[in-house]
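Worksheet: one structure, shown below.
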Amino acid sequence: MITMLNLFYASGTSAMAPHILLQASGLPFTIEKVNLDQKTWANGDYNRINEKSYVPTLQTSPNTYLTECAVILEVIDSLADNQYAFNYGTDAYWQLRTWVNYIATELHKNFISPFRKGNWLPNTDESKQLVWQRVAPRLKFVEAHFAGPWLLGQKFTFADPYLFVMTNWMKRLDYPLAQFPKLAIFDAQMRQLQSVSEVLQIEGAPHSLTDK
């Protein structure tokens, strides 16, 4: 039984997606900032909260913690009367699930470079180039199938905050977002949403991506 919503996040990470969705939904929630370099939070060892050592984590009761961004987004949507999804079992519902899983496994996964020095995004010239070689063709696929004005058409879904994390990472890494005009318009449109501007202000500057 869900009795609370407490989101563990780190600035600029994929946790921004559920943070945006929570902010937009109007659901009551709290947040806890995590230091991913030290694996700590305000009350100590973050690995005691999530032994996977990453964010997001959503606490839904005193002893229950959910992980994985795609799952957390769907949980939030279910609590918000499914206003960010489509009716269960419809073609549109399965298309939404397909896209969220694509973002999680083909985009999110490939942005996390094994060749970086610390942190979670590439932060050396070599690692940035290697990651770009992986994500560029996958972004091209999204661009080609982007319905507009949102990923799946006229309805803003829980896939959109997740996709925004990807376009935000492109900007942080100085990848050529202009090569993907639909995604560039989407990114600008997302930044105009009150929930997005509020979350960007709350989370503040993410960690540096300079070489270490």
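Do we find that Val165 is closer than 16 Å to Asn110 by Cα and buried (at least 19 other Cβ atoms within 10 Å of the Cβ) in this structure? It would help to see each step written out before you state the result.
Working: closer than 16 Å to Asn110 by Cα: yes; buried (at least 19 other Cβ atoms within 10 Å of the Cβ): yes.
Answer is yes for this residue.
What tally of residues in the range 1-31 results from selecting those that are assigned to a strand (DSSP E or B) and within 16 Å of the chain's Cα centre (by Cα)? First the steps, then the outcome.
Keep residues of the range 1-31 that are assigned to a strand (DSSP E or B), which gives 6-9, 30-31.
Going one step further and asking which of them are within 16 Å of the chain's Cα centre (by Cα), we end up with 7-9, 31.
Qualifying residue count for the region: 4.
For residues that are assigned to a loop (DSSP other than H, G, I, E, B) and within 14 Å of the chain's Cα centre (by Cα), tally how many sit in the range 72-85. First the steps, then the outcome.
Within the range 72-85, the first condition is being assigned to a loop (DSSP other than H, G, I, E, B), and the residues that meet it are 80-85.
Still in the running and within 14 Å of the chain's Cα centre (by Cα): none.
Total meeting the criteria: 0.
Go through the range 51-72 and give me each residue that's modelled with pLDDT of 95 or more, over 11 Å from Ala15 (Cβ atoms) and among the polar types (S, T, N, Q).
The answer is Gln59, Thr60, Ser61, Asn63, Thr64.
Could you please give the count of residues in the range 1-32 that are surrounded by fewer than 21 Cβ atoms within 10 Å (Cβ to Cβ) and out of contact with any helix residue (DSSP H, G or I) (no Cβ under 8 Å at 6 or more places or on another chain)?
Of the residues in the range 1-32, 8 are surrounded by fewer than 21 Cβ atoms within 10 Å (Cβ to Cβ) and out of contact with any helix residue (DSSP H, G or I) (no Cβ under 8 Å at 6 or more places or on another chain).
Quick one: which residue in Trp94, Trp99 is among the aromatic types (Phe, Trp, Tyr) and buried (at least 19 other Cβ atoms within 10 Å of the Cβ)?
Checking each option against the conditions leaves just Trp99.
Being buried (at least 17 other Cβ atoms within 10 Å of the Cβ), over 22 Å from Ala85 (Cα atoms) and not assigned by TED's automatic domain parsing to the domain that holds Leu36, is that true of even one residue in the range 142-162?
no
Hey, Gly204 hits all of (1) surrounded by 13 or more Cβ atoms within 10 Å (Cβ to Cβ); (2) over 24 Å from Val71 (Cα atoms) but one; which does it fall short on?
Unmet condition: (1).
Are there any pairs with C-beta distances below 8 angstrom linking a residue in the range 40-62 that is in the same structural domain as Ser11 (by TED's automatic domain parsing) to a residue that is among the charged types (D, E, K, R) and outside any loop (DSSP other than H, G, I, E, B), with the two at least 6 apart or on different chains, and if so which?
Trp41/Glu32; Trp41/Lys33; Ala42/Glu32; Ala42/Lys33
Quick test for you: out of Tyr88, Tyr102, Tyr54, pick the one residue that is assigned to a helix (DSSP H, G or I) and either among the β-branched types (Val, Ile, Thr) or out of contact with any Ser or Thr (no Cβ under 7 Å at 6 or more places or on another chain) (or both).
Values: Tyr88 fails: assigned to a helix (DSSP H, G or I); Tyr54 fails: assigned to a helix (DSSP H, G or I).
Step by step, each of Tyr88, Tyr102, Tyr54 is checked, and only Tyr102 is assigned to a helix (DSSP H, G or I) and either among the β-branched types (Val, Ile, Thr) or out of contact with any Ser or Thr (no Cβ under 7 Å at 6 or more places or on another chain) (or both).
Could you list all residues from the range 1-44 that are over 14 Å from Gln59 (Cα atoms) and in contact with a Pro (Cβ under 6 Å, 6 or more places away or on another chain)?
Selection gives Ser11, Gly12, Ala17, Ile20, Leu21.
The values are calculated or read from the model by the stated rules, or taken from the named source; none is laboratory data. Only a predicted model underlies this, so the values are computations on that prediction, with no experimental measurement involved. In this analysis, Cβ positions are derived from the backbone assuming ideal geometry, glycine residues included, and neighbour counts consider all displayed protein chains.
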